[in-house]
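What follows is one structure encoded as structure tokens, with my remarks underneath.
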Amino acid sequence: MPGWITDSLFAIINTVPALFVAQDSPHFALARTMFVLILIVLIVAGAVWLPPLCSTLVRRLRKGSASDQV
């Protein structure tokens, strides 16, 4: 399973920067590195913000269902 995850991540990492910079350009490595850093920041931010968001959502849903029962 980790094999197809890494394969798909590498495909995304090579494909998205190629939309903006030619692959034979000397700046392609720089564009790919910047994209990887942005991707890492988004993954970390999602991991940090997801639990509080889910707990808030569950709390609001429980509060709404409790008021419906009264």
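Divide by every residue of the chain the summed helix terms, -39500 (n - 2.57) for each DSSP H run of at least 4, and state the resulting mean residue ellipticity at 222 nm, rounded to the nearest 500 deg cm²/dmol. Mind dumping the intermediate values first?
On the way: 2 runs with 61 residues, N = 70.
After summing the helix terms and dividing by the residues of the chain, the value is -31500 deg cm²/dmol.
For the chain, what is the convex hull (Cα atoms) projected area averaged across all directions, in square nanometres?
Mean projected area of the Cα convex hull: 7.3 nm².
I want the local charge near residue 55. Using Cβ-Cβ distances under 14 Å, sum +1 for each Lys or Arg and -1 for each Asp or Glu among the other residues.
Its environment carries a net charge of +4.
For the pair residue 48 and residue 7, what calculated FRET efficiency results from E = 1/(1 + (r/R0)^6), where r is the Cβ-Cβ distance and R0 = 22 Å, to the nearest 0.05?
It comes to 0.25.
FYI, it's all coordinate maths here, none of it is from the lab. Only a predicted model underlies this, so the values are computations on that prediction, with no experimental measurement involved. Ideal geometry is used to build each Cβ from the backbone, glycine not excepted, and the neighbour counts take in all protein chains shown.
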